Amino acid sequence: MVYLLQQLCLLRKSGGSGTSIIGVPFDNSDGTIEVDSGTLSLAAGGTSASGTFNVAAGAVLDLTGGSSPTWSGLVNGSGAGTVSLNSGTVATSPSLTLDFPDGLFQWTGGWLSGTTINSGVVTMLARARLGGWRVLQ
Amino acid sequence: MAGGFYNSGLVRQTNAATLDIGVNYAHFENQAGGTYDLEGDGSIMNAPAYYTSFNNYGLLRKSAGSGTSTISAPLNNLNGSIEVDSGTLSLADSGSSSNGTFTVAAGAVLDLTGGSSSTWAGQVTAVAQASCR
């Protein structure tokens, strides 16, 4: 299995107005993901624990690209861009805490499945689907 | 802590967006201090799942939209507050509730049943220009 492991490091998309796709499983371990322009799509799942997402205005971090990653721990971030859940399923196991400022985390489709805790602001713009713990069994 | 979504911050459900509690046993908990804001005429549904619920310990608010937002998943209001600033908020899929505060602006409606059969206990308090039915 080929995968991309990021531990306490910075993954950045600094240029390009199009979409950059991470097409291998991506495991983020308390690292920072920065999108300065265009879209960065984490499109091949993976197992991640905590992270910071910094997304500039007009830029997008696509958390799934239609895939089904597992996230745990705490995720937060900054910027006037978008952290997008628009397809696929984010499995939150054993639990994931979202702590984003207003407007950053936008839920426009896809599933959150497991135990999700929100201590910041989550914005729903279309059909947001919530699964339960039994999905994970 | 069982699975589900636990909100102690702010969830903004904008325009016609919907929340679908779409799997058996899934539930949404709006915790004390949390706000769930319907900023339009979107709804909360659970079809076709069973044993789902929306549990409100905090503030459930419909802040915008002149139409009807329907909660068609069982709503358990557990000492929470329900506020309707405009349009109609319909609690249309039963539930078992105890205590609560209802604040309904002039011209707005909180429909307690939407034709369903809910169970309430304790004390409920309506504030200001209420139009409850």
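Just so it is clear, none of the values below were taken in a lab; they were calculated from the coordinates. Please read these numbers as outputs of a predicted model, since none were measured by experiment. Positions of Cβ are backbone-derived with ideal geometry, glycine not excepted, and every protein chain shown enters the neighbour counts.
Each of A:Leu74, A:Ser20, A:Thr89 was scored by the projection of its Cα onto the charge dipole of the stretch A:4-136, and the greatest displacement toward the positive side belongs to A:Thr89; charges sit on the C-beta of Lys, Arg, Asp and Glu. Extension gain for A:Leu5-A:Ser95 works out to 30.4 nm (0.36 nm per residue, less the C-alpha to C-alpha distance).
Taken over the stretch B:5-127, the convex hull of the Cα atoms encloses 87 Å³ per residue. Sequentially through the stretch A:49-60, phi angles give Karplus couplings (6.51, -1.76, 1.60; θ = phi - 60°) of 9, 6, x, 10, 10, 10, 10, 6, 4, x, 9, 9 Hz, Gly and Pro residues having no value and appearing as x. Give the residues of the stretch B:78-104 whose amide nitrogen is closer than 14 Å to a point set 7 Å from the Cα of B:Ser117 in the direction of its Cβ. Hits in the stretch B:78-104 for B:Ser117 at 14 Å: B:93-96.
Based on the convex hull around the alpha carbon atoms, the protein assembly as shown presents an average projected area of 14.0 nm². The H on the amide N of B:Ala126, modeled in the peptide plane, is under 5 Å from the matching H of B:Phe102, each at least 5 residues off or on a different chain.
Derived scalar couplings between HN and Hα for the stretch B:107-119 equal x, 9, 9, 10, 8, 6, 10, x, x, 8, 10, 9, 10 Hz in order, rounded to whole Hz, by the Karplus curve 6.51 cos²θ - 1.76 cosθ + 1.60 (θ = phi - 60°), x for Gly and Pro. Looking at the stretch B:36-133, the chymotrypsin sites (Phe, Trp or Tyr not before Pro) that sit in a DSSP loop and have at most 14 other Cβ atoms within 10 Å of their own Cβ are B:Tyr50, B:Tyr51. Magnitude of the charge dipole for the stretch A:4-136, about its Cα centre and with charges confined to Cβ atoms of Lys, Arg (+1) and Asp, Glu (-1), is about 340 debye. Per residue, the Cα convex hull of the stretch A:4-136 amounts to 85 Å³.
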